[in-house]
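A short worksheet on the structure shown next.
The values are calculated or read from the model by the stated rules, or taken from the named source; none is laboratory data. Since we're looking at a predicted model, the values are computed, not measured. No Cβ is skipped: glycine too gets one built from the backbone with ideal geometry, and neighbour counts run over all protein chains shown.
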Amino acid sequence: MSTIRVHDKEFVAYITSAEIAEQVARIAIEINRNYKGKNPVFIAILNGAFIFAADLFKQINVEAEISFIKLASYKGVKSTGKVITAIGLDVDLHGRDVIILEDIVDTGKTLFQFLPQLEHTNPASLKIASLLFKPESMIHLIKIDYLGFTIPNKFVVGYGLDYDGLGRNLKEIYQLI
Ligand code: 5GP
């Protein structure tokens, strides 16, 4: 089995690029079918989703837009903990069919905190596409409308996902040994 080292940790090949391509193509077919005659706007969450977003978007054949955002979390003034804000959202989502593109939903905390802010903008619809999902670590129930792979609760790198900045350029997805 092929293993790699990223920083101080060993990872083993887990999902091949062919398997990823197959799932991305399937998601694209579903979205193309569901959004026929519509003009969806994709919101890709940086950094992790950039490769998934690019590969998926190339296969979208309805009239579509894409915007890339970064989520920044900071401590709010209230004692309710972290507040998440979107940096770089340059599209008016009011009345639009929005599809969020995520690399991975883990605890669900990020989207749980961020989705209400998007709902506030009154989109016509709001769906989530995530390449990966770790149901074992889910704390907040997030409905993923388009999903590539369900994976166990082990750290993964590759295909856009990093370990401390490295590993995003790997074509396959690797799992921590
Ligand atoms: P959540 O808020 O759902 O717990 O976390 C989602 C974010 O955590 C993802 O967008 C990703 O940045 C990071 N994350 C969660 N699990 C993994 C993993 O296995 N590998 C990497 N590289 N990032 C992860």
* Asked: In this structure, does Tyr174 turn out to be of a type in the set (Phe, Trp, Tyr), modelled with pLDDT of 95 or more and within 11 Å of the ligand (Cβ to nearest atom)?
  -> yes
* Structure fact -> Note on the range 6-64: residues farther than 21 Å from Asp106 by Cα, hydroxyl-bearing (Ser, Thr, Tyr) and surrounded by fewer than 16 Cβ atoms within 10 Å (Cβ to Cβ) are Ser17
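Based on this model, can you work out whether Ile84 counts as within 16 Å of the ligand (Cβ to nearest atom), surrounded by fewer than 12 Cβ atoms within 10 Å (Cβ to Cβ) and more than 23 Å from Tyr159 (Cβ to Cβ)? Spell out the reasoning first.
Working: within 16 Å of the ligand (Cβ to nearest atom): yes; surrounded by fewer than 12 Cβ atoms within 10 Å (Cβ to Cβ): no; more than 23 Å from Tyr159 (Cβ to Cβ): yes.
No: the conditions fail for Ile84.
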* Do we have Thr107 as surrounded by 12 or more Cβ atoms within 10 Å (Cβ to Cβ), within 11 Å of the ligand (Cβ to nearest atom), assigned to a loop (DSSP other than H, G, I, E, B) and not small (Gly, Ala, Ser) here? -> yes
* Within the range 1-64, which strands (runs of 3 or more DSSP E) (wholly inside it) include 3 or more residues that are under 17 Å from the mean Cα position of the chain (by Cα) and within 17 Å of Leu147 (Cβ to Cβ)? -> 41-46
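With the structure loaded, tell me whether Val98 is under 15 Å from the mean Cα position of the chain (by Cα), within 11 Å of the ligand (Cβ to nearest atom) and closer than 26 Å to Ile29 by Cα or whether it fails that test.
Values: under 15 Å from the mean Cα position of the chain (by Cα): yes; within 11 Å of the ligand (Cβ to nearest atom): no; closer than 26 Å to Ile29 by Cα: yes.
Judged against the criteria, Val98 is not a match.
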* Residue that is surrounded by the most Cβ atoms within 10 Å (Cβ to Cβ) [pool: residues in the range 139-163 that are more than 9 Å from the ligand (Cβ to nearest atom) and part of a loop (DSSP other than H, G, I, E, B)] -> Tyr159
* To do: Kindly list the number of the only condition in (1) modelled with pLDDT of 95 or more; (2) of a type outside the set (Val, Ile, Thr); (3) part of a loop (DSSP other than H, G, I, E, B) that fails for Ser79.
  => (1)
* Asked: If you go through the range 126-138 one residue at a time, how many are over 26 Å from Leu93 (Cβ atoms) and either away from the ligand (no atom under 11 Å from the Cβ) or modelled with pLDDT of 95 or more (or both)?
  -> 3
* Asked: Only one of (1) within 16 Å of the ligand (Cβ to nearest atom); (2) part of a helix (DSSP H, G or I); (3) closer than 30 Å to Thr16 by Cβ; (4) without any contact (Cβ under 8 Å) to a residue 40 or more places away in the chain is not met by Phe68, so which one is it?
  -> (2)
* Scan the range 94-110 and report the pairs whose first residue is touching a residue at least 12 places away in the same chain (Cβ under 8 Å) and within 11 Å of Ala49 (Cβ to Cβ) and whose second residue is of a type in the set (Val, Ile, Thr) and within 6 Å of the ligand (Cβ to nearest atom), with Cβ atoms within less than 9 Å and a gap of 6+ or a chain change. => Glu102/Thr110; Ile104/Val156
